[in-house]
Every structure is written in C-alpha cells, then in structure tokens.
Amino acid sequence: MITKFIKRILRRDPMVRHTAAHTSGAPKRIPKKSHRIDPHLLSKNAVKVTQTLQQAGYEAFIVGGAVRDLALGISPKDFDVATNATPEQVQKLFRKARLIGRRFQIVHVTFFGKGQPEIIEVSTFRALLENAGEHVAENGRILRDNVWGSQHEDAARRDFSINAMYYDPASETVLDYHGGMADMQKKTLRMIGDPAKRYREDPIRMLRAIRFAAKTGFTLDAATLAPISKLGKLIHDVPSARLFDEILKLLMSGYSWAAIQGLRDAGLHHGLLPLLDHILDSKEGSKEANDFVRIALANTDQRIQAGKSVSAGFLFATLLWPDLLRNWKKNIAKGVSNVPALLDAMDETIASQSNGMVIQRRFESDMREIWSMQPRFEKRVGRYPYRLIESPRFRAGYDFMLLRCATGEQNPALGEWWTNFIESDSAGQEALMASAKKDTGNMGTGALPAKRRRRRKAKVATPPEGATS
C-alpha cells in the first residue's frame, strides 16, 4: 500500500495530472451493502487487469454493461475496464495485449486458460465532445474519439445511465454519476444528455436501446424513445461491419424475438434484413413466415439462456428462409427444375442484402450448406442417407429441417424418420430405408411438390471375352 501511494505521489504522468485536475461531477458512491454485487460473479481476469493498473498508479474500474448485469445478479458475458492510462501505457503492462481500432482506440488484453481465451477490453477515459473538434462530422456523428479526459467526462460520454457506473473490485464500491442505480430500480432505460444529439453522434445507440430494453425488460424513457422514429435512417450511414456486429449482438442476446418486435415498434427494421421487412409489416407478413421465425428465434433464445452454443450461420439461414422460399417457388413456377431453382434462389436472397446489413462471407457459406441440404433429406434410398449424415454441416441441416417440420412447411413424418435413422443401429437403418421406399413420392415439402424420380433401365452385363453364354 505504501509503495502504491508513493507511486501516485511521484508519478510524472500528464494523464494522471489531467484527471486529478477535474474534480467536478462527483459521483454517488454506493457501498456493497447497497449495490449487493456478488464478487463470485466477477471475472478473475478482469479483477487482475484492474489490480495491475492500480498497482502501477493508475485508476481502473470495471465499467458499463458488466456493472449493470452484476447489479442485476446476472453473470456478465463480457467485462470491460476503464482507466486513466493511455492505450500505450496499458499495453506496456500486459504481455498479451494489443491496440485495436482507429475510431475508438482500445486495448484487448487476452488471457488463456483451460477453456476459451478471455478478452478484457480496456478503454481510456474519453473527453467530452466539445474537446474533440475536427473529430466530429457535420451531422454530429463521431469520426474519431481518441481525445482523453477525466472519469466524469467519460461517464457523461456513455450512452445510458445504467451503463455509466464504475465498479472498483478492491473497495467493492460503485461510482454512479448519472443515477443509473435509481433507474435500475425503476426499470427505466434513460439516455444520458440530449437523446437526439446522442443518436446523431452514434446511430448504433438506437439499436442498443432496443437490445437493452429487450434484455432487461426495462421501459425506454419517453424522451429516449421519441427521436428514434425520426432519426432511424441514420443507421444506414453506419459502416456495414459495425452494423453487422450490432445486429448479431441483438439476435444473440437471448431475447431476440422481443428485440425484433422492438425494432418493428420503433420503425428500425426496414432495410436491415429483407425478412424483417416482409414479416414484421402487418400488411406483408404471412402467418407461416411469422411462425417460422418466431419458433427459430425462440429456440435460439432458449439455447443462449441455457448457456449452449449457437451458430450465427444457422440463425441467419432461418431468418432469410422465408425470403429464399418465396424466390424458390418463383423460380420453379418459371419452369426451372428443383435444385437449380434453389441455387438461383440462394443467389437472389443473398444479393438482396447488399442494400442492408451485409452478412459476412464466413456465415454465408454456412447458410448455403444448410439450405442446399434441404432437398437431400427427401432422398432416403441407397447410399444417400449415409452420405448425408457424414456431411460436416449435417446437424445444422437436420435441425433446420426439423424446424420446417415444426411449422408445417415440411411433412413431420420426414423429421421423425431422420430422427429414428440417426438413433438406430445398422439393422434399424436398413429397415427404415426399406419402409422409405414405399413412401417415395409422398414425403415432399408442404410448399414444393416432390418430383418422382425416373427409373433407369437395368443394363445387361456384357460377358467377358472367351466366356460362354
């Protein structure tokens, strides 16, 4: 403790002096008996980062959504740390640390253990926009944000009051600058500052507002909600990579259906995914498409809430399926045969995303495999079933097919057959394939009629030279 105190007194660091000079905007200090955060929910690596920074003479706190979740009794998925050390100073303190970002420069500190590596994101306290000058565009959107400030400035720069709390694991104290704890008790989501101005600074905040409201069950403050309908078009000015990341967070939040309903209510769904335009507008949406997406997202939410893994490729395949199915039917109506019609429909559906949120190629390939597998489930003779279950994406394709069965688009008997086939031994599988021969032609999709396969005439074997007939 003495060494730590001496370092703080003697340190010749302009960042520390700058922070110390700002004494205005004192936070409300909330002790452990009031916030009741369980230390066992903390990431040991996040605590280690704060300890390392503090021992080096800097201020360091767990911040943002992690503090919000901890106060709600939820174990956070990610931990962020805020400090008055610059990114370069942070990087020097950790072996596995790297600077990332140009618009918002931060440090990723990586820890390797028995499971998946954990990344602790460390950001430097940021100054108020009045000090950012040329880093702000004419429409108010932040272009660069690497001007450092004090903690109270950093708190004012954060989006919602419930995300502007700082937790010090050493003293087990929460610093609350904008009444976030009181808003949590009222179950209210409130933007810090003028909401319209904050949305112009970063339009992604509109999507974050919807996501947080769905996740927490909180109600958007009237002033926070009001500007969204007028400023929603600004979302399309956001770089596609950032937009994709935010939509993915929304869909993988564990409360995706509620979030999508929130997008519709706020008028934010147009142009993000073609599917959302079709199914969320009451005039265009069909019951079948709504049921398909609702069941798909409900299954995804259940898996995420249970701590199970979810494939983003599978999720996007389900979201775009009604759009693809519509294109598939259209192509068949033009006289294109079944499989080529499906392949063309894939291209059309994916191309339609170019004006909205562009799905990354690594997920696009997963989607194509899942979609192209669907007609193959109807081929249940010969070696087809054995070859299909050997496919690396079989499980995803199988789950997708079961989803189609659950919504009535596909004959439920087909799903039962494949479930039994997977669980049976070799003798049971042979018996199932024998029974499938009797049902050939009667197990097509509910939307697309199965085509009968033309039987080939058996070839007469030519006797080898010198053999007698």
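The values are calculated or read from the model by the stated rules, or taken from the named source; none is laboratory data. As the structure is a computational prediction, the values presented were derived from the model and not from experiment. Reconstructed Cβ throughout: ideal geometry from the backbone, glycine too, with neighbour counts over all protein chains shown. Note: accessible area is taken over every heavy atom of the protein model, side chains too, but ligands, DNA and RNA are not part of it. Shrake-Rupley method; radii C 1.70, N 1.55, O 1.52, S 1.80 Å.
Go over the candidates GLY73, GLY149 one by one and state the one that is open to solvent by less than 50 Å² (accessible area, probe 1.4 Å), at pLDDT below 95 and closer than 26 Å to PHE212 by Cβ.
On the way: GLY73 fails: open to solvent by less than 50 Å² (accessible area, probe 1.4 Å).
Step by step, each of GLY73, GLY149 is checked, and only GLY149 is open to solvent by less than 50 Å² (accessible area, probe 1.4 Å), at pLDDT below 95 and closer than 26 Å to PHE212 by Cβ.
Test SER426 against the stated conditions and say whether it is over 25 Å from ALA298 (Cα atoms), surrounded by 12 or more Cβ atoms within 10 Å (Cβ to Cβ) and among the hydroxyl-bearing types (Ser, Thr, Tyr). Quick ask: steps written out before the conclusion?
Working: over 25 Å from ALA298 (Cα atoms): yes; surrounded by 12 or more Cβ atoms within 10 Å (Cβ to Cβ): no; among the hydroxyl-bearing types (Ser, Thr, Tyr): yes.
Judged against the criteria, SER426 is not a match.
Residues in segment 396-408: is at least one more than 18 Å from PHE314 (Cα to Cα) and at pLDDT below 90?
Yes - at least one qualifying residue is present in segment 396-408.
Hey, can you tell me all the residues within segment 76-90 that are more than 20 Å from the chain's Cα centre (by Cα) and either open to solvent by less than 10 Å² (accessible area, probe 1.4 Å) or closer than 24 Å to MET165 by Cα (or both)?
First, pick out the residues of segment 76-90 that are more than 20 Å from the chain's Cα centre (by Cα): 81-90.
Listed by number, the residues that qualify are VAL81, ALA82, THR83, ASN84, ALA85, THR86, PRO87, GLN89, VAL90.
Kindly provide the set of residues from segment 158-172 that are surrounded by fewer than 19 Cβ atoms within 10 Å (Cβ to Cβ), in a loop (DSSP other than H, G, I, E, B) and not small (Gly, Ala, Ser), ordered by number.
GLU172
Scan segment 330-389 for residues that are among the hydrophobic types (A, V, I, L, M, F, W, C) and within 27 Å of MET433 (Cα to Cα) and jot them down.
Within segment 330-389, the subset among the hydrophobic types (A, V, I, L, M, F, W, C) is 332-333, 336, 339, 341-343, 345-346, 350-351, 357-359, 363, 367, 370-371, 373, 377, 381, 388-389.
Once the filter is applied, which keeps residues that are among the hydrophobic types (A, V, I, L, M, F, W, C) and within 27 Å of MET433 (Cα to Cα), segment 330-389 yields VAL339, LEU342, ILE370, TRP371, MET373, PHE377, VAL381, LEU388, ILE389.
Just to be sure I understand the filter: pairs with C-beta atoms under 7 Å, separated by 6 or more residues or on different chains, first member in segment 27-39 and open to solvent by less than 50 Å² (accessible area, probe 1.4 Å), second member assigned to a helix (DSSP H, G or I). Which pairs pass?
Here the result reads ILE30/MET181; HIS35/ALA71; HIS35/MET181; ILE37/LEU70; ILE37/ALA71, each pair linking segment 27-39 to a residue that is assigned to a helix (DSSP H, G or I).
Considering segment 282-330 alone, what residues qualify as being within 21 Å of the chain's Cα centre (by Cα) and either outside any helix (DSSP H, G or I) or at pLDDT below 85 (or both)?
Within segment 282-330, ASN290, PHE292, VAL293, ARG294, ALA306, GLY307, LYS308, SER309, VAL310, SER311 meet the criteria.
Applying the selection to segment 321-352, what residues are of a type in the set (Val, Ile, Thr) and out of contact with any Pro (no Cβ under 8 Å at 6 or more places or on another chain)?
Let us first name the residues in segment 321-352 that are of a type in the set (Val, Ile, Thr), namely 332, 336, 339, 349-350.
Scanning segment 321-352 gives ILE332, VAL336, ILE350.
Tally up the residues in segment 40-70 that are among the charged types (D, E, K, R), over 22 Å from GLY180 (Cα atoms) and surrounded by 15 or more Cβ atoms within 10 Å (Cβ to Cβ), please.
First, the residues of segment 40-70 that are among the charged types (D, E, K, R): 44, 48, 59, 68-69.
If we keep only those that are over 22 Å from GLY180 (Cα atoms) too, we end up with 44, 48.
So of that shortlist, the ones also surrounded by 15 or more Cβ atoms within 10 Å (Cβ to Cβ) come out as 48.
Selection size over segment 40-70: 1.
Sort out which residues of segment 76-96 are among the β-branched types (Val, Ile, Thr) and in a loop (DSSP other than H, G, I, E, B), and write them in order of number.
As a first pass, look at segment 76-96 and keep what is among the β-branched types (Val, Ile, Thr): 81, 83, 86, 90.
Matches in segment 76-96: THR86 only.
Among LEU189, LEU231, which is more than 24 Å from ILE359 (Cβ to Cβ) and at pLDDT 95 or above?
Numbers: LEU231 fails: at pLDDT 95 or above.
From the options LEU189, LEU231, the qualifying one is LEU189.
Do you know which residues across segment 113-146 are modelled with pLDDT of 90 or more and either hydrophobic (A, V, I, L, M, F, W, C) or in contact with a helix residue (DSSP H, G or I) (Cβ under 7 Å, 6 or more places away or on another chain) (or both)?
Correct list: GLU118, ILE119, ILE120, VAL122, THR124, PHE125, ARG126.
Looking at ASP202, ASP159, ASP194, which is the one that is under 29 Å from THR86 (Cα atoms) and without any contact (Cβ under 8 Å) to a residue 12 or more places away in the chain?
Numbers: ASP202 fails: without any contact (Cβ under 8 Å) to a residue 12 or more places away in the chain; ASP159 fails: without any contact (Cβ under 8 Å) to a residue 12 or more places away in the chain.
Of the residues listed, the single one that is under 29 Å from THR86 (Cα atoms) and without any contact (Cβ under 8 Å) to a residue 12 or more places away in the chain is ASP194.
When you scan segment 357-369, do you find a residue that is in contact with an Asp or Glu (Cβ under 7 Å, 6 or more places away or on another chain) and either over 30 Å from SER426 (Cβ atoms) or without any contact (Cβ under 8 Å) to a residue 12 or more places away in the chain (or both), even just one? Give the steps one after another, and end with the answer.
Within segment 357-369, the subset in contact with an Asp or Glu (Cβ under 7 Å, 6 or more places away or on another chain) is none.
No, because not a single residue in segment 357-369 is in contact with an Asp or Glu (Cβ under 7 Å, 6 or more places away or on another chain) and either over 30 Å from SER426 (Cβ atoms) or without any contact (Cβ under 8 Å) to a residue 12 or more places away in the chain (or both).
So which of ASN420, ASN442 ends up being at pLDDT 90 or above and out of contact with any His (no Cβ under 6 Å at 6 or more places or on another chain)?
On the way: ASN442 fails: at pLDDT 90 or above.
From the options ASN420, ASN442, the qualifying one is ASN420.
Condition first: within 27 Å of PHE212 (Cβ to Cβ) and among the aliphatic types (A, V, I, L, M). Now tell me which residues in segment 76-89 satisfy that.
Just the residues of segment 76-89 that are within 27 Å of PHE212 (Cβ to Cβ), to begin with: 76-84, 87.
Result: VAL81, ALA82.
In segment 395-421, which residues are under 25 Å from LEU297 (Cα atoms) and touching a Leu at 6+ places or on another chain (Cβ under 6 Å)? Steps first, please.
Taking segment 395-421 and keeping what is under 25 Å from LEU297 (Cα atoms), we get 395-419.
The one that is under 25 Å from LEU297 (Cα atoms) and touching a Leu at 6+ places or on another chain (Cβ under 6 Å): GLY415.
So, restricting to helices (runs of 4 or more DSSP H) that lie completely within segment 173-245, which ones have at least 1 residues that are crowded, with 20+ Cβ neighbours inside 10 Å and of a type in the set (Phe, Trp, Tyr)?
Numbers: elements: 180-186, 195-201, 204-216, 222-225, 228-231.
Here the list reads 195-201, 204-216.
Would a scan of segment 160-168 turn up a residue that is modelled with pLDDT of 95 or more, hydroxyl-bearing (Ser, Thr, Tyr) and farther than 21 Å from LEU41 by Cβ?
Scanning segment 160-168, I find at least one residue that is modelled with pLDDT of 95 or more, hydroxyl-bearing (Ser, Thr, Tyr) and farther than 21 Å from LEU41 by Cβ, so the answer is yes.
If you scan segment 246-263, which residues turn out to be of a type in the set (Gly, Ala, Ser) and open to solvent by less than 10 Å² (accessible area, probe 1.4 Å)? Steps first, please.
Looking only at segment 246-263, we keep the residues that are of a type in the set (Gly, Ala, Ser), and these are 253-254, 256, 258-259, 262.
Those that are of a type in the set (Gly, Ala, Ser) and open to solvent by less than 10 Å² (accessible area, probe 1.4 Å): GLY254, SER256, ALA259.
Is there a residue in segment 97-106 that is free of Cβ contacts under 8 Å to residues at least 40 places away in the same chain, in a loop (DSSP other than H, G, I, E, B) and more than 16 Å from ALA164 (Cβ to Cβ)? Outline the logic, then answer.
Residues of segment 97-106 that are free of Cβ contacts under 8 Å to residues at least 40 places away in the same chain, as a first pass: 97-101, 106.
Next cut, in a loop (DSSP other than H, G, I, E, B) only: 101.
Filter once more, so that each one left must be more than 16 Å from ALA164 (Cβ to Cβ): 101.
For segment 97-106, residues free of Cβ contacts under 8 Å to residues at least 40 places away in the same chain, in a loop (DSSP other than H, G, I, E, B) and more than 16 Å from ALA164 (Cβ to Cβ): present.
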